[in-house]
Amino acid sequence: MKPIFSTFFLILFCFCACKPLDVEPQFEIPSEQAFNNVNDLEVMVNGAYQALQSANCYGAAYKMIPDIFADYVTVNPAALRLGRTGSLSLFNIYQRQTFGSADNVWRDSYTVINRCNLVVVAVLNNLIKDRTGEYQNNADRILGEAYCLRALMYFELLRLYAHQYGINENVPNSGIILLLKPTTGRTSQARATTKEVYDQIEIDLKEAARLLPTDKRATDIFTYGGRAGGRATKYAAMALLARVYFQKATDADDVQALFYANAVINNTETPFPLNADTGGVAYLVTSNFRASPSVIFQVSNLINPLTNEANSTSKTLLDSYFFQTDETDFPTIYLLNGRFTSALGFKSGDQRITIGTTIAGSLRYTKKYQGDNLRPAINVPVIRVAELLLIRAEISYVSNRQQTIDDIFQIRDNAYFANGRRGNVPPELNVATLSALSADDLLKEIIKERTIELNLEGDRLHHFKRVAKRYGNVDFKLLRSYDSRQRNISKDLPWDSDAILFQIPDAEISTNPLAVRNP
């Protein structure tokens, strides 16, 4: 008789790859032996959630890197003097061949994908021994979560390691390696095309939306002190579909993006009200796993994927880059005042500045990831309803102008919330002013609002690429390129420059004979 793997070994498998410098164990865990019942399946999908917490996923990288590569943040010299040089390579486009962050993001993202693949293969091939009782009640949900997380990782990887959709998307090796079955060692597989990866992302998210429950409370089994944490739901999958289609920046894909954005915004089963947020940023992240009602999907920090036990003291690594605990502690990343505040035209009373940032000396830092009670956040929003309103506003600015104006004003009204009431938007930003704008100027206001609302949420670089593809060629300045002597230099780059792409890791190239580097 073949040996049967117990839940203990599944837990071991999940934890073996959770340390930042570890990789998936290089030994085989046959799927037909690894899953006895639905509890084993739950452990594996929880392990995928746990891997999302890595500093190389949503613990830092996917929220930080796209903004660092853009135009309004820079590195804090004081933090570098304190020895926080780990992020320095992020600012240096000349280190792409030995880019540690690129290697780690690749590795940890594929860890999530591999765990999701184990779940998908086990369910689709009926490899769970006991498929009665709780299995029947939970298998679809668990499979849907695996599809959703796998698609999310492929989308994040594709946006960093491949060009914007529309640039040679059908050319071989233009995308990333598309793995749909679990691997236990070396792979020998070429990179898929960008279009092939996008097609799979869409398939996965649509299947996730079909399988997952609509009520977020139904899957909030990550709990701490009775407060809900985060799991993928039908509306999380649909919100991500809106983001994916919008990023592709074609007329046909905008139609799909609008459909899914509307489906989430207008749903009555599990509403995500923006007007429940005070100041737009105050409750986006917390230190006790609560999320703003407008957050559609978040990553929560757990220490036990079997029991869903939350970590009441640990935190994401975002605070290492953004959070200031006292006057002697310097965050690594700060906002460029002139470019972020003055150029964007912030007005007095915008709580995205008064609540969302703080000044220390001459430098402005974000407080988005500070959490409540001045403690670092231990949950990280992945997508929230404000982004969907911005998607709908931009797609509709010509065809449904009033919808666009209403959406932008709703975001602004939330941003100027004060003294327990709304209605504080300055006259120059109100509905009448928006209504008087030309179509081109209205689009500029939408793009400006997106920059303000989603700052340091991992959107900016991807936004640059999409806008350039959609509306015409634009260049941007990579402000924080450092030479070998750590001198801050500037470099103008076209939006489709190969220099912006992360490089495929040396470890992948050396072990996978079919993998090729980016140019």
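Just a few scattered comments:
- The condition (being in contact with a helix residue (DSSP H, G or I) (Cβ under 8 Å, 6 or more places away or on another chain) and not small (Gly, Ala, Ser)) is satisfied by just one residue among Asn414, Asn419, Asn400: Asn414.
- Residue ID - surrounded by the most Cβ atoms within 10 Å (Cβ to Cβ), chosen from residues in segment 115-149 that are hydroxyl-bearing (Ser, Thr, Tyr) and over 26 Å from the mean Cα position of the chain (by Cα): Tyr135
- Candidate set from segment 465-505 (those that are of a type in the set (Ser, Thr, Tyr), closer than 17 Å to Ala102 by Cβ and not in a loop (DSSP other than H, G, I, E, B)); member that is modelled with the highest pLDDT: Ser481
- Exactly one residue out of Phe340, Phe346 is of a type in the set (Phe, Trp, Tyr), within 25 Å of Arg466 (Cβ to Cβ), at pLDDT 60 or above and assigned to a loop (DSSP other than H, G, I, E, B), and it is Phe346.
- Residue count for segment 413-442, restricted to those that are touching a residue at least 60 places away in the same chain (Cβ under 8 Å) and either at positive phi or part of a helix (DSSP H, G or I) (or both): 5
- Going through (1) at pLDDT below 95; (2) closer than 26 Å to His463 by Cβ one by one, Ala162 falls short only on (1).
The values are calculated or read from the model by the stated rules, or taken from the named source; none is laboratory data. Keep in mind the model is a prediction, meaning the values are calculated, not measured. Note: ideal-geometry Cβ built from the backbone for every residue, glycine included; neighbour counts use all protein chains shown.
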